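Just below is one structure, and these are the notes that go with it.
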Amino acid sequence: MDVIIENLPQYWDGFLRTLFLSVVSGIIALIFGTVLAAARVSPIAALRGFSMVYVEIVRNTPLTIAFFFAAVVLPRLGITFQQFEVAAIIALSAYTSAFIAEAVRSGVNSVPVGQAEAARSIGMKFSQVLTLIILPQALRTVIPPLINILIALVKNSSVAGAFYVLELFGQGKQLANANGDAVVWVLVGVAFFYLLITIPLGYLANVVERKVAIAR
Amino acid sequence: MTTQVPGDALVSLKAVNKHYGQLHVLKDINLNVRKGEVVVVIGPSGSGKSTLCRAINRLETIDDGEIRIDGKELPAEGKELAKLRADVGMVFQSFNLFAHKTILENVTLGPIKVKGVSKAEADKDAMALLERVGVGHQAPKLPAQLSGGQQQRVAIARALAMKPKVMLFDEPTSALDPEMINEVLDVMVQLAKEGMTMIVVTHEMGFARKAADRVVFMADGQIVEDATPEEFFSNPKSSRAKDFLSKLLTH
């Protein structure tokens, strides 16, 4: 137990970095994932194809591969980063957006087709139908799965610890090495700080879900 | 079938055909609707009357033939089609009010986003329309808080807010409880009296008698009869129509 209190600054540092990775990747993934979902339902075949191929490849390969790609392959192609955090954010948001796209797409499918027909019949263009009518309703129905994906993102960010980013897990690894006699408590501390992010997220899901529910 | 010259027609369909796979749902449809005319389309279910109605603003595509609104042929997908749809009001069987928008927003969304009307002006027009269909006091509510009849009247107001040249009604009372049907029909009769061009797919024979200039009877994807209501109801020519009417009148 003492090991946690003695090393609070390291934990705090790792916690903030995990929070930072999660928030930034989460925002990028939400935006890019929604764009991917929109592409998937668009009338343009090339966009639909791109979205489908992207989602299928990324969703069905391990996150570690996305990290290797961002941290090792991209620099070889001439895209280099000053900090490993950038590679971590690229990998996490690219990976998570595939899951977001699938969730949003299922939400789009849950909106009755009559909503789109009514919107089209008053003269809205496809982009307006999507952004004004379909997505606002779709996003409300997919808040629970979206929060699940974001919770997974917070935990997935621990992979960055293996790629020289001293986030929560990375700090935990160092602490475990330095305190071989108290590894269990070091890990309990790590778990506690993850829960500090993920439990409020789950709670937030409940609140938001109740707030934005639409009756039909 | 009709006597007026095509140039006179606000809505004109020429040799329109449509298949759903093997099923030939619209067979060589020719129909002209003049400005201010109220045409009621009736027929047994599966006769293609809803498909016909939806084809007129291209919610259903057609295989061949030609549909013109105010002289202009229906464009394919895209901006031009959206523009044309703004001129064609549509009322659906299932209302299809935007579930996440208030009643007022349902009516103002089109004018603001499609026509670029200012919010103040759109609100004013929308309130006037909602008053006119008798649901002004419901303006701040969400669609699900209204009865079916009220929702359908809002849907009519939403379509009218675009100041359409023609209104299409696709079985507007079929999803309503009996006691709510009249409140919607009253609005439609009023609209017909004011000179709106209307194409109405319905099973309400009372409305057809009261408000229609012409009754179009469809069966098996074809227009079988096209006559005035008096002619059609008192003296149907085809056996299909006689059969259809006799089934209605036995109840």
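The values are calculated or read from the model by the stated rules, or taken from the named source; none is laboratory data. A quick note: this is a predicted structure, and the numbers were derived from the prediction, not measured. So basically every Cβ, Gly included, is an ideal-geometry build from the backbone, and we count neighbours across all protein chains shown. Accessible surface is based on the protein model in full, side chains and every heavy atom, while ligands, DNA and RNA are left aside. Shrake-Rupley method; radii C 1.70, N 1.55, O 1.52, S 1.80 Å.
Can you tell me the orientation of helix A:183-212 relative to chain A, as the angle in degrees between its alpha-carbon axis and the longest Cα principal axis, to the nearest 10?
20 degrees
I'd like the mean, over residues of A:108-118, of how many other protein chain beta carbons sit within 10 Å of each residue's own Cβ. Mind dumping the intermediate values first?
Working: counts 0, 0, 0, 2, 3, 2, 7, 5, 2, 8, 14.
Counting Cβ atoms of other protein chains within 10 Å of each residue's Cβ and averaging gives 4.
In square nanometres, what is the average projected area of the Cα convex hull of the stretch B:9-249? Intermediate results must be reported in sequence, preceding the final value.
Working: hull surface 52.1 nm².
Result: 13.0 nm².
Over 26 Å between Cα atoms, which of B:K14/B:K247; B:K72/B:K119; B:K119/B:K163; B:K115/B:K210 qualify?
Details: B:K14/B:K247 31 Å; B:K72/B:K119 30 Å; B:K119/B:K163 16 Å; B:K115/B:K210 34 Å.
Violating the 26 Å limit, Cα to Cα: B:K14/B:K247; B:K72/B:K119; B:K115/B:K210.
In what sequence, highest mean first, do A:59-67, B:15-23 appear when ranked by Cβ atoms within 10 angstrom?
Numbers: A:59-67: 15.4, B:15-23: 12.7.
The densest-packed peptide leads the list: A:59-67, B:15-23.
Just tell me how shielded B:97-107 is by partners: mean number of partner chain Cβ atoms within 10 Å of each residue's Cβ, no decimals. Mind showing how you got there, number by number?
On the way: counts 4, 9, 11, 11, 5, 0, 0, 0, 0, 2, 1.
Averaged over the peptide's residues, the number is 4.
Quote the charge dipole size of chain B about the Cα centre in Debye, to the nearest 20; the model charges only the Cβ of Lys and Arg (+1) and of Asp and Glu (-1).
Result for chain B is approximately 440 debye, rounded to the nearest 20.
Convert each backbone phi in the stretch A:11-16 into a coupling constant with the Karplus relation 6.51 cos²θ - 1.76 cosθ + 1.60 (shift: θ = phi - 60°), then list the ³J(HN,Hα) values in order as whole Hz, x for Gly and Pro.
Using θ = phi - 60°, the values come out as 4, 4, 4, x, 4, 5 Hz.
Taking the stretch A:1-99, how much of its Cα-Cα pair set, in percent, is spaced more than 19 angstrom apart?
Numbers: 2636 of 4851 pairs.
Tail fraction, whole percent: 54.
Could you bin all the Cα-Cα distances of the protein assembly as shown into 10 Å bins starting at 0 and give me the percent of pairs in each, rounded to whole numbers?
For the protein assembly as shown, the pair-distance distribution reads 4, 17, 22, 18, 13, 11, 8, 5, 2, 0, 0.
Would you mind checking which residues have amide H under 5 Å from B:V200's amide H? H placed 1.01 Å from N; only 5 or more apart, or other chain.
Result for B:V200 returns B:V39, B:V40, B:V41, B:F169.
Can you give the three extents of the C-alpha atoms in the stretch A:69-204 along their principal axes, from longest to shortest, in whole Å?
For the stretch A:69-204, the Cα spread along each principal axis is 69, 42, 16 Å.
Please tell me the relative contact order of the stretch A:31-151 in percent, rounded to the nearest whole number, where contacts are Cα pairs under 8 Å and at least six residues apart. Intermediate values should be presented prior to the final figure.
On the way: 109 pairs, mean separation 35.6, N = 121.
Reported relative contact order: 29 percent.
Averaged over B:109-121, how many beta carbons belonging to a partner chain fall within 10 Å of each residue's beta carbon?
On the way: counts 6, 7, 2, 0, 8, 6, 2, 0, 0, 0, 0, 0, 0.
That average works out to 2.
Tell me, what % of the accessible area of the stretch B:100-251 is carbon and sulfur with a 1.4 angstrom probe? Before the final figure, lay out the partial values.
On the way: 3410 of 6680 Å².
Roughly 51 percent of what the probe reaches on the stretch B:100-251 is carbon or sulfur.
What nm distance separates the two modelled labels at B:D177 and B:L248, each placed 7 Å from Cα along Cα→Cβ?
Using points 7 Å along Cα→Cβ, the separation is 2.6 nm.
Give me, ordered by chain and number, the residues 5 or more places off B:V224 or on other chains with an amide H under 5 Å from its own placed amide H.
B:F217, B:M218, B:A219
For B:H19, list long-range residues whose amide hydrogen, built 1.01 Å from N in the peptide plane, is under 5 Å from its own amide hydrogen.
The answer is B:V25, B:D63.
Mean residue ellipticity at 222 nm from the helices of chain A, using -39,500 (n - 2.57) per DSSP H segment of n ≥ 4 over the full residue count, to the nearest 500 deg cm²/dmol?
Values: 10 runs with 158 residues, N = 216.
Helix-only estimate at 222 nm: -24000 deg cm²/dmol.
Could you work out the percent of alpha carbon pairs in the stretch B:139-251 separated by over 26 Å, rounded to a whole number?
Details: 1654 of 6328 pairs.
When every Cα pair of the stretch B:139-251 is considered, 26 percent fall beyond 26 Å.
Taking springs between alpha-carbon atoms closer than 10 angstrom, which of B:G221, B:G149, B:G134 fluctuates most in the Gaussian network model of chain B?
Its mean-square fluctuation being the largest, the pick is B:G134.
Through the Karplus equation 6.51 cos²θ - 1.76 cosθ + 1.60, θ set to phi - 60°, convert the phi angles of the stretch B:222-228 into ³J(HN,Hα) values in whole Hz; use x for Gly and Pro.
10, 7, 8, 9, 9, 8, 6
For the ranges A:93-104, B:180-191, what's the packing order if you count other beta-carbon atoms within 10 Å of each residue, average per peptide, and put the highest first?
Numbers: A:93-104: 24.3, B:180-191: 19.2.
Order by mean packing, descending: A:93-104, B:180-191.
With every protein chain left in place, what is the accessible area per residue of the protein assembly as shown in square angstrom, probe 1.4 Å? Don't skip to the end; give the middle numbers.
Details: 21840 Å² over 467 residues.
Ligands and nucleic acids excluded, the figure is 47 Å² per residue.
Can you give me the Cα centroid spacing of the stretch B:149-225 and the stretch A:129-201 in angstrom?
So the two Cα centres are separated by 56 Å.
How would you order B:98-108, A:81-91 from highest to lowest mean count of nearby Cβ atoms within 10 Å? Mind dumping the intermediate values first?
On the way: B:98-108: 22.8, A:81-91: 18.8.
Ranking, from highest mean packing down: B:98-108, A:81-91.
What residue among A:A101, A:G161, A:Y194 has its Cα farthest toward the positive end of the dipole of chain A, where the charges are +1 on Lys, Arg and -1 on Asp, Glu, each on the Cβ?
A:A101
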